[in-house]
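To keep things clear, I will list the structure first and then write my remarks on it.
Here, each number is a calculation from the coordinates, and none is a lab measurement. The structure displayed is predicted, hence computed values, not measured ones. A quick note on method: Cβ atoms are made from the backbone with ideal geometry, for glycine too, and the neighbour counts reach across all protein chains shown.
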Amino acid sequence: FALEERWVNTAIVPELEYLDMSEISANEWLVNNAPFSGGDLSLGACCADKKTAQLMQCELGDALLEAERSTWTDEQAITLVCLLYSPNYRFLTVL
């Protein structure tokens, strides 16, 4: 339901380079091991290009929800992640 592309600052979390991600996802590991002091989240829409459509098993040009999130510790970036959600995916936030 989602395609993830993630950049991680391994100068901040060098252990992640050697993590066996068959047992735990990068996101779950980071939540438990890399405390952050701030970040941001942007939401938008994009159209599936040829490669993305193949990976997401959707049609070329389908509208996708795009979420881009960064996390920081003090003045250094920890991670930047871009998530593309398949057509008709519903994003729910509880306030």
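Pull out the extension gain between residue 11 and residue 23, defined as 0.36 nm times the separation in residues minus the alpha carbon to alpha carbon distance; nm, one decimal.
Values: separation 12, 0.36 × 12 = 4.32 nm, distance 2.28 nm.
Contour length minus Cα-Cα distance gives 2.0 nm.
With all pairs of different alpha carbon atoms counted, what Kirkwood hydrodynamic radius in Å does the chain show?
14.8 Å
Hey, got the dipole for the chain? About the Cα centre, +1 on K and R Cβ, -1 on D and E Cβ, debye to the nearest 20? Walk me through the numbers on the way to the answer.
Details: 5 positive and 15 negative charges, 66 e Å.
Magnitude of the dipole: close to 320 debye.
Per residue of the chain, what 222 nm ellipticity follows from adding -39500 (n - 2.57) for every DSSP H run with n ≥ 4, rounded to the nearest 500? Walk me through the numbers on the way to the answer.
On the way: 2 runs with 15 residues, N = 95.
Theoretical 222 nm ellipticity from helices: -4000 deg cm²/dmol.
In whole Hz, with x marking every Gly and Pro, tabulate ³J(HN,Hα) for the stretch 13-23 from phi via Karplus 6.51 cos²θ - 1.76 cosθ + 1.60, θ = phi - 60°.
After applying 6.51 cos²θ - 1.76 cosθ + 1.60, I find 10, x, 4, 5, 4, 10, 6, 7, 7, 7, 9 Hz.
With unit charges on the beta carbon (Lys/Arg positive, Asp/Glu negative), name the residue among 24, 34, 91 whose Cα is farthest towards the positive pole of the charge dipole of the chain.
Most positive-ward Cα: 91.
Mark the label point 7 Å from the Cα of residue 66 along Cα→Cβ and return the residues of the stretch 76-95 whose backbone N is within less than 14 Å of it.
Residues 81-86 fall inside that zone.
Within the chain, which GluC sites (Glu not before Pro) sit in a loop by DSSP and count at most 12 neighbouring Cβ atoms inside 10 Å?
Values: sites: 4, 5, 15, 17, 23, 28, 59, 66, 68, 75; in loops: 23, 59, 75.
In loop regions of the chain (DSSP not H, G, I, E or B), the sparsely surrounded GluC sites (Glu not before Pro) are 23, 59, 75.
Which of the chymotrypsin sites (Phe, Trp or Tyr not before Pro) found in the stretch 1-75 are in a DSSP loop and have at most 12 neighbouring Cβ atoms, other than their own, within 10 Å?
Here the chymotrypsin sites (Phe, Trp or Tyr not before Pro) that fit, given the DSSP loop and packing criteria, are 1.
Checking the a/c ratio against 1.5 first, then a/b against b/c, what shape does the Cα gyration tensor give for the stretch 44-95?
Note, shape of the stretch 44-95 comes out oblate.
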